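The structure under discussion appears below in the form of structure tokens.
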Amino acid sequence: MQPPARPKRSWLVTGSSGFIGSHLCRELGRLGRARPELYGLDRQAGRAPVGYREILADIRDRAALKSKLSALALDVVIHLAAVAEAIIPFARMGELFDTNLNGTVNVLDVVHAERALFMSSSSVYGNTARRGDAEHWKNINPLGGYAGTKAIGELLLAAWARASGASAITLRLGNVIGPGCQGLIGYMVNHALTYPDGTVSAKLRGEGRVTRDYVPVDYVVAAIRAACDAPATGGETVACNVSSGVRLANGLVASIVIATLARKGYTLKADFDTPLFAEEPRVTALDIRRSAAWLGLEPPGRDEVVASIEAAVLHGLQQRSEQS
């Protein structure tokens, strides 16, 4: 006798047009008949929304979310939509809080889901030991507004799980890299395109010693997929560190970017005399052992991280070429 067919699953991805969201939706779209019924929510249309139904709405607009989402019965909501800049000027704090906090409340309150995944950040730990911080709440020490909204977002998720009885998973992501990423790599590529002969040096911070965990976006996508099906108790929240465990200083990352650019004929020079911002940790590293085992994943190694940095540089150059 054939076992009964598994019911079709229904997933919602907020921020579906963003860096991680677009990679996730594209990967899920390749699953063919095994893919869930997939909805992507964003305030702007994606470049190629294939394999999912696109819903255009701003998570800050509760009325719009209610009209477009309240009728959906979802297995999982994957909440990626956010202002994702780690260093935010004070003039933009209102936008940051409205999007990352009120927007999160709106999404959780409007959707009806059996599980919610919230994309947090390694920045919630502030400065860490080089061996990496584990997921204990006692380690949480955000230094700035962005990191603070991610820490409070985790508390909002836990409150939602207790109130709804649904399961909730927080993924604290390392520095996510790969084709389409911004941050340090995107800044350096854009600088090289603006000054291709290297006449103006790129301004980088912290004497080249600012250290982060780096993680390829493909691994983050795999972690999200695994977290959607991982065992979790209703009414409770599980926190996971999602990264490679590969810690690189920004000086080393810059050297990889510079070498990759040089192979394409660009000269990039960098100086590291700019001091750190007050809200910027010098070292943020993650202990990934428990989470990798719980998700059943093998973290990427150093070679994979370097290859992802190189791929991000080449993608940035290709994008500019296509726009020219």
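Could we say that residue 178 is free of Cβ contacts under 8 Å to residues at least 12 places away in the same chain and under 18 Å from the mean Cα position of the chain (by Cα) here? So residue 178 does not fit the description; no. Only a single item in (1) of a type in the set (Gly, Ala, Ser); (2) over 30 Å from residue 78 (Cα atoms); (3) in a strand (DSSP E or B) is not met by residue 255, and it is number (3). No other residue among 146, 214, 219 is among the hydroxyl-bearing types (Ser, Thr, Tyr), assigned to a strand (DSSP E or B) and touching a residue at least 12 places away in the same chain (Cβ under 8 Å) apart from 214.
Within the range 280-324, the set of residues being outside any helix (DSSP H, G or I), in contact with a Phe, Trp or Tyr (Cβ under 8 Å, 6 or more places away or on another chain) and not hydrophobic (A, V, I, L, M, F, W, C) comprises 281, 284, 299, 300. Only a single criterion out of (1) polar (S, T, N, Q); (2) surrounded by 14 or more Cβ atoms within 10 Å (Cβ to Cβ); (3) farther than 18 Å from residue 190 by Cα is not satisfied by residue 274, namely (2). Counting the residues of the range 239-252 that are outside any strand (DSSP E or B) and without any contact (Cβ under 8 Å) to a residue 60 or more places away in the chain gives 2. In summary, residue 66 fulfils each of the numbered conditions (1) more than 16 Å from residue 23 (Cβ to Cβ); (2) among the charged types (D, E, K, R); (3) in contact with a Ser or Thr (Cβ under 9 Å, 6 or more places away or on another chain) with the single exception of condition (3).
Scanning the range 197-218 for residues being at negative phi and touching a Ser or Thr at 6+ places or on another chain (Cβ under 7 Å) gives a total of 9. Going residue by residue through the range 174-181, is there one that turns out to be in contact with an Asp or Glu (Cβ under 6 Å, 6 or more places away or on another chain) and crowded, with 19+ Cβ neighbours inside 10 Å? Within the range 174-181, one or more residues are in contact with an Asp or Glu (Cβ under 6 Å, 6 or more places away or on another chain) and crowded, with 19+ Cβ neighbours inside 10 Å. Scanning the range 171-205 for residues that are closer than 22 Å to residue 80 by Cα, among the polar types (S, T, N, Q) and not in a loop (DSSP other than H, G, I, E, B) turns up just one, 175. The set of residues from the range 48-63 being out of contact with any helix residue (DSSP H, G or I) (no Cβ under 7 Å at 6 or more places or on another chain) and either within 12 Å of residue 21 (Cβ to Cβ) or in a loop (DSSP other than H, G, I, E, B) (or both) comprises 48, 49, 54, 61. Candidates are the residues of the range 64-89 that are touching a helix residue (DSSP H, G or I) at 6+ places or on another chain (Cβ under 8 Å) and part of a helix (DSSP H, G or I); the one that is surrounded by the fewest Cβ atoms within 10 Å (Cβ to Cβ) is 66. Selection of the range 114-136 for residues being hydrophobic (A, V, I, L, M, F, W, C) and at pLDDT below 95 yields only 129. Within this structure, residue 118 passes the test of being in contact (Cβ under 8 Å) with a residue 24 or more places away in the chain and within 15 Å of residue 171 (Cα to Cα).
Considering the range 118-127, the residues that are buried (at least 22 other Cβ atoms within 10 Å of the Cβ) and more than 12 Å from the chain's Cα centre (by Cα) include one that is nearest to residue 71 (Cα to Cα), namely 124.
The values are calculated or read from the model by the stated rules, or taken from the named source; none is laboratory data. This one's a predicted model, so the numbers in the text were calculated from it and none came from an experiment. Cβ coordinates were reconstructed from backbone atoms using ideal geometry, including for glycine residues, and neighbour counts include every protein chain displayed.
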